1. Gly89 passes all but one of (1) assigned to a helix (DSSP H, G or I); (2) exposed (fewer than 15 other Cβ atoms within 10 Å of the Cβ); (3) over 17 Å from the mean Cα position of the chain (by Cα); which number fails?
2. How many residues does the range 48-76 contain that are of a type outside the set (D, E, K, R), surrounded by 15 or more Cβ atoms within 10 Å (Cβ to Cβ) and farther than 17 Å from Leu21 by Cβ?
3. Filter the range 1-54 for residues that are in contact with a Phe, Trp or Tyr (Cβ under 6 Å, 6 or more places away or on another chain), in a helix (DSSP H, G or I) and not aliphatic (A, V, I, L, M); which is modelled with the highest pLDDT?
4. What are the residues in the range 23-35 that are touching a residue at least 12 places away in the same chain (Cβ under 8 Å) and within 20 Å of Ala55 (Cβ to Cβ), if any?
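The values are calculated or read from the model by the stated rules, or taken from the named source; none is laboratory data. The shown structure was predicted, so the numbers you read here are calculated from the model rather than taken from an experiment. All Cβ positions, even for glycine, are placed from backbone atoms using ideal geometry, and neighbour counts span all protein chains on display.
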Amino acid sequence: MPYGGAPVSPPPQNNLVLAILATVLCCLPGGIYAIIQANKVNTLWAQGDQAGAHAAAAQAKKWSIISAVAGVVVGVIYFIFVFLAAANGVKTR
């Protein structure tokens, strides 16, 4: 790791907004991990760990997408279950 301060180029996109949206709207556990990784990006970049910052940004994006897909899949399965239950005359409440 080079000593000499922070790099002069801008840090990678931390994907924090995507991670927060995935947490709030979709899947809590994966979204929380994505938020943690997104928060590491700027800190690692400021410490001069460019590779670590890029890896954290990639992890944040990956887990945000996984959380969003998981949330959509669970939502679709839930609506299919409710539709089938209603079609068969089963009361859901």
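1. Looking at each condition in turn, Gly89 falls short on (1).
2. Initially, the range 48-76 is screened for residues of a type outside the set (D, E, K, R), giving 48, 50-60, 63-76.
Then drop every residue that is not surrounded by 15 or more Cβ atoms within 10 Å (Cβ to Cβ), which leaves 48, 50, 52-57, 59-60, 63-68, 70-71.
Keeping just the survivors that are farther than 17 Å from Leu21 by Cβ gives 48, 50, 52-56.
Qualifying residue count, the range 48-76: 7.
3. Selected residue: Tyr33.
4. Gly30, Gly31, Tyr33, Ala34, Ile35
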